[in-house]
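> Just passing along the structure, written as structure tokens.
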């Protein structure tokens with residue numbers, strides 16, 4: 001799903017978990033709020049780019065469920081807390 005650079009506003013709906021996504025590119029928008037827990041149900045994701053938005057809250061430990069993730073970009077948001085420890089078990093990240 002390619003949604004980047006569109007000035008989209010608002011939150012990512014929980015229904016995103018009903019999709020089968022391989023790539024979710026939504027960077028450079030004005031998306032807000034916490035990331036929905038259902039996002040992590042997309043276990044086939046290999047690219048997740050959410051940088052340059054206005055997301056808040058914690059990055060869920062469930063990010064560790066995305067075993068196929070190769071490209072993760074979360075910069076330039078206002079997330080709080082620590083990075084989830086399970087992030088370091090993503091062996092494909094950066095390959």
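The values are calculated or read from the model by the stated rules, or taken from the named source; none is laboratory data. The shown structure was predicted, so the numbers you read here are calculated from the model rather than taken from an experiment. Methodologically, a virtual Cβ is constructed for each residue, glycine included, from the backbone with ideal geometry; neighbour enumeration extends over all protein chains shown.
> Quick test for you: out of 64, 94, pick the one residue that is surrounded by 14 or more Cβ atoms within 10 Å (Cβ to Cβ) and not in a strand (DSSP E or B).
The unique qualifying residue is 64.
> I've got another one for you. Give the residue, chosen from 44, 82, that is within 16 Å of residue 1 (Cα to Cα) and either assigned to a loop (DSSP other than H, G, I, E, B) or touching a helix residue (DSSP H, G or I) at 6+ places or on another chain (Cβ under 9 Å) (or both).
The match here is 44.
> Working only within region 75-86, note down all residues that are touching a strand residue (DSSP E or B) at 6+ places or on another chain (Cβ under 8 Å) and either surrounded by 15 or more Cβ atoms within 10 Å (Cβ to Cβ) or under 17 Å from residue 20 (Cα atoms) (or both).
Matches in region 75-86: 77, 79.
> For residue 39, are the conditions met, namely being modelled with pLDDT of 95 or more, under 22 Å from residue 88 (Cβ atoms), touching a helix residue (DSSP H, G or I) at 6+ places or on another chain (Cβ under 6 Å) and surrounded by 18 or more Cβ atoms within 10 Å (Cβ to Cβ)?
Taking the combined requirement at face value, the residue satisfies it.
> For region 24-34, check the following and say yes or no: at least one residue is in contact with a strand residue (DSSP E or B) (Cβ under 9 Å, 6 or more places away or on another chain), within 20 Å of residue 89 (Cα to Cα) and modelled with pLDDT of 95 or more.
No, that holds for no residue.
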